[in-house]
Amino acid sequence: MTQAAVQAAAAPRIKPKVSRDDWIMRACMGVIALFLVVAVLLPLYTMLSKSLENRHGDFIGLTNYAEYFSTPALFLSAVNSLQISVIATVIVLVTAFLYAYALTRTCMPLKWLFKLIAAIPLLTPSLLSGISLVYWFGNQGVAKHLLLGESIYGPIGIVIGSAYWVFPHVLMIVITALSITDARLYEAALALRAGRWRTFFTVTLPGCKYGLISAGFVAFTLIFTDFGVPKVIGGNYNVLATDIYKQVIGQQNFQMGAVVSVVLLIPAVLAFAVDRIVQRKQVALLSARAVPYQPQPRTSRDWAAFAFCTVVAAVILLMIGMAQYAALIKFWPYNLTLTLGNYEFDLANGGGWDSYHNSIRMSLYTAVVGTVIIFFGAYLMEKGRGFRAGRNGFHAIAMLPLAVPGMVLGLSYIFFFNNPANPFNFLYGTMAILVIATVAHFYTVSHLTAVTALKQMDAEFESVSASLNTPFYRTFLRVTVPVCVPAILDISMYLFLNAMTTVSAVVFIYSTDTTLASVAVLNMDDQGEIPFAAAMAMMIAYTCAGARILHAILTRGIMRTTQAWRTR
Amino acid sequence: MAADGDGKVYLRIRNLTKMFGDFAALRDVSLDVYDGEFVCFLGPSGCGKTTLLRAIAGLDIQTSGTVEQDGRDISALPPSERDFGIVFQSYALFPNMTVGKNVSYGLENRKLPRDQIRARVKELLELVGLHDQGDKYPAQLSGGQQQRVALARAMATSPGLLLLDEPLSALDAKVRVHLRGEIKDLQRRVGVTTIMVTHDQEEALTMADRIVVMDQGSIEQVGTPQEIYGEPRTSFVADFIGTMNFVPGEVIADHTVQIGGTTLTCPTDGITPGHAVTVAIRPEDINAQDIDGDDGNLVETEIRHLEFLGSFYRAELGGPAFGGHDINADFSINLVRRKNLDVGSAITVRFPAEFIRLYPRD
């Protein structure tokens, strides 16, 4: 210890007095932390302990796991999951990198259109790509011959479908990684007479290395834990996510479902941990003085990029286009008359218009309640005074949901909330539990968005308002919220889109009164009513597209009215 | 001016220590600030000046030690229970509020009648010379104007203590010089006790009633600008403020110090003969004009280097006299011209005894 440290240890320590504001802030943060504990931690814990019990609830140690790993049919799913995840990740990563490179580093025309098209998969449940593939390459598919006798039902279908719906998620990360490169590095490379390829391998790739790694892990986790695509197009090819569903819904074997969940959870948590470490490294690459890169036109490269993007965009459009076509024809492939009959969901089994309305309600509640909780929580954590341990702890809990696959979360909810002894049991089967599950499931990304926006604000706003004896909530409402409106809108949009399209978490916890559109797609498909499923999936897509347009208009309007003070 | 110490102590800081883990950002700092005076905390970055200011504000409360404001022990109080206004380098103006709204922000919380608030805002904006800018947003103002708004906002609630954290550092040089005078003038008119943190010595010298020079978490010296500049107590202060020549030497007798082959007369302040010292003198104190034969401390040197600095020349003096060390001296343009000085010229200079300072070496 230094001399000063010794002195400080000897002198009486000053114990800072906690102000009324501090108490209120900590209490509010505690309440939100409690929400996360109840909505994520406790259910997960219940699930973990269930995996160590037999059907009667007796503790049996790792017996279930032993059974799992000695049952080849079950264990094979884990291998399958890994296999298709790795293949699809590689495909989507390469495609997304080239697409992002074309968007950020070339002067090809129509960039805005390519950006727009690339976002389309975000608007639909992952199931939709499966349905579309059935129409293209299924037993009666129009392009079946392209598979040269191979079946689309199985790994091929899962890989294509997964790559399709994960594409925009990966693309966003890679675009960001490519955008942060410093133009001065390229000028230096040029001055040193490095060739194009040398520059690419020594400047471009190292510059976005961490972004690519991060994108790879995100893609892997999304595909590994996805349920929708393998459910629709997987056929007899089992993966972990479908196994959980089969064990629980099909065989009512909850213990084995819990075991599979844990097997699914472990790689997801690992990928999450690695990704966090990698992302922390990436921040260090950013320098405030970096000069943004401006691509110069070069005909051959620009047109090659244009051709590539056209192909990718065409695939996306063919996917969504086929789903739309499937929703509009009478009886594939025998009667191709156009009809709106497939939208009469009340005639179908598996969920009528009610489920669509439920989805809208659920998504709106999630967007509103979730945004309030998540943004306020992030604010309390980021701008609170003192109480460092508590704030760090809160951040850790808020990061956790990202590592938990939706299937695992949903199954955990059955174990936790369906227990009559649980004081929260009354929530089971209600709309509220769907909202809670969805907010919890998508908490982390929204939390990080909020934190980023809050970090961009002057750190001294709180100091100034404290010096002016103004309570924190006044400054929060009058300064923080107005300044962060764009981020708040982004968060609510993100929550709304995900709530509309998610299947995995809610498939275990909806009740007959709270069926959802995305689940209806699943059930209709399950029962062979594929045109209805396609139509319902398209309803979700229209709604999400509408929400995005509304979001764009709102954001632009707010930016315009607040332009006077936002220019800086 | 309360700087002479006969005024009332407004802020009494005792034995302040601030630890960040094992690192001491402040070590046992004690200081009195008198009512109505303007004090500058001056030092290089990382010296603890901002930490000290934030401890006074309650933004980062010290590990140990006490702070008393106006007789009240505020050591452990959160900022909201202390009485101060603060201006940051970043201004921290609320971007979504007009200038007027920013200034009235602290007043609105006090449930004052609306016209009274309006009158006060008007008064404050006039005080900082922005009476016609009340309806603009901060982003529409220049940096200097924004800083004035921040000042008005901090003064709105008439705090007993005004804290300025590097308020001018983000501004252009010209604006900075201008605002310097304005802030000082404003402070004098309002009479509010003010503490300003800065790393800019010129700022501190021109604005402060007293300067607190800090280094590595401790106070090196407290004094008026003249004291700090003229009688730096440590070699750190001597080096940090202004320019200073440092030459190793040795005290050989009372009032006598030797550097190289030269003996100089100067106050030795009780340093015993045989002690190694650093001999310090400012370039502008070295005299080359009006040298009478009988005056002591004359040294014959040679000009090794001559640098034109606009209003004067800085000469690098060398020769056997300094034992291989070079000493800078500032010569007026007039002198250089009159004596026709150039590189290689021999010149006799005088080291006035009263301007030589010795710092013990160990």
Cβ-Cβ distance below 7 Å, separation of 6 or more or different chains: which pairs start in the stretch A:13-38 with a residue that is among the small types (G, A, S) and end on one that is open to solvent by 50 Å² or more (accessible area, probe 1.4 Å)? A:S19/B:E81
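Listed here are the residues, each with its yes/no results for (1) surrounded by 24 or more Cβ atoms within 10 Å (Cβ to Cβ); (2) of a type in the set (D, E); (3) out of contact with any Ser or Thr (no Cβ under 7 Å at 6 or more places or on another chain).
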residue: A:L434; (1), (2), (3): yes, no, no
residue: A:Y443; (1), (2), (3): yes, no, yes
residue: A:L448; (1), (2), (3): no, no, yes
residue: A:V451; (1), (2), (3): no, no, yes
residue: A:K455; (1), (2), (3): no, no, yes
residue: A:A459; (1), (2), (3): no, no, yes
residue: A:S467; (1), (2), (3): yes, no, yes
residue: A:P471; (1), (2), (3): no, no, yes
As an exercise: evaluate A:M172 against (1) farther than 25 Å from A:Y293 by Cβ; (2) surrounded by fewer than 20 Cβ atoms within 10 Å (Cβ to Cβ) and give the number of the one condition it does not meet. (1)
Determine whether the stretch A:288-298 contains at least one residue that is surrounded by fewer than 24 Cβ atoms within 10 Å (Cβ to Cβ) and part of a helix (DSSP H, G or I). no
Within the stretch A:303-329, which residues are surrounded by 17 or more Cβ atoms within 10 Å (Cβ to Cβ), in a helix (DSSP H, G or I) and over 29 Å from the mean Cα position of the chain (by Cα)? A:L328
Which of the residues spanning the stretch A:256-294 are modelled with pLDDT of 85 or more and in contact with a Lys or Arg (Cβ under 6 Å, 6 or more places away or on another chain)? A:A258
Inter-residue pairs, beta-carbon under 6 Å, first closer than 19 Å to A:G384 by Cα and in the stretch B:53-71, second among the basic types (K, R) and in a helix (DSSP H, G or I), 6+ apart: B:D60/B:R54
Those helices (runs of 4 or more DSSP H) lying entirely in the stretch A:460-568 with at least 3 residues on the phi > 0 side of the Ramachandran plot: none
Of everything in the stretch A:73-124 that's under 18 Å from A:V166 (Cα atoms) and not in a helix (DSSP H, G or I), which residue is most open to solvent (accessible area, probe 1.4 Å)? A:A119
Sort through B:R189, B:R180 and tell me the only one that's more than 12 Å from B:G43 (Cβ to Cβ), more than 14 Å from chain A (Cβ to nearest Cβ) and either outside any helix (DSSP H, G or I) or within 15 Å of the chain's Cα centre (by Cα) (or both). B:R180
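Considering only the stretch A:143-178, state which residues are assigned to a loop (DSSP other than H, G, I, E, B), hydrophobic (A, V, I, L, M, F, W, C) and without any contact (Cβ under 8 Å) to a residue 60 or more places away in the chain. So that I can check it myself, show each step before the final result.
Keep residues of the stretch A:143-178 that are assigned to a loop (DSSP other than H, G, I, E, B), which gives A:143, A:148-154.
Subsequent filtering for residues that are hydrophobic (A, V, I, L, M, F, W, C) retains A:143, A:148, A:152.
Listed by number, the residues that qualify are A:A143, A:L148.
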Note on B:T51: of the conditions (1) under 30 Å from B:R120 (Cβ atoms); (2) modelled with pLDDT of 95 or more; (3) open to solvent by 10 Å² or more (accessible area, probe 1.4 Å); (4) within 14 Å of another protein chain (Cβ to nearest Cβ), unmet is (1)
Could you go through the stretch A:30-48 and let me know if any residue there is open to solvent by 50 Å² or more (accessible area, probe 1.4 Å) and either at pLDDT below 90 or within 14 Å of another protein chain (Cβ to nearest Cβ) (or both). no
Which residues, counting only those in the stretch A:50-72, are small (G, A, S) and either more than 27 Å from the chain's Cα centre (by Cα) or open to solvent by 70 Å² or more (accessible area, probe 1.4 Å) (or both)? A:G57, A:G61, A:A66, A:S70
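Taking helices (runs of 4 or more DSSP H) that fall entirely within the stretch A:363-451, which contain at least 2 residues that are in contact (Cβ under 8 Å) with a residue 24 or more places away in the chain and more than 22 Å from A:V506 (Cβ to Cβ)?
Numbers: elements: A:388-399, A:406-417, A:431-441.
Those helices (runs of 4 or more DSSP H) span A:388-399.
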Might you let me know whether the stretch B:3-12 holds any residue that is of a type outside the set (A, V, I, L, M, F, W, C), within 11 Å of chain A (Cβ to nearest Cβ), touching a residue at least 40 places away in the same chain (Cβ under 8 Å) and surrounded by fewer than 24 Cβ atoms within 10 Å (Cβ to Cβ)? no
Any idea which of (1) buried (at least 22 other Cβ atoms within 10 Å of the Cβ); (2) more than 7 Å from every other protein chain (Cβ to nearest Cβ); (3) not hydrophobic (A, V, I, L, M, F, W, C) is the one B:G65 doesn't satisfy? (2)
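The values are calculated or read from the model by the stated rules, or taken from the named source; none is laboratory data. The model shown is predicted, which means the values in this text are computed figures rather than measured ones. Cβ: placed from backbone, ideal geometry, glycine included. Neighbour counts: every protein chain shown. When the accessible area is computed, the model is the full protein with side chains, heavy atoms only, and any ligands, DNA or RNA have been set aside. Shrake-Rupley method; radii C 1.70, N 1.55, O 1.52, S 1.80 Å.
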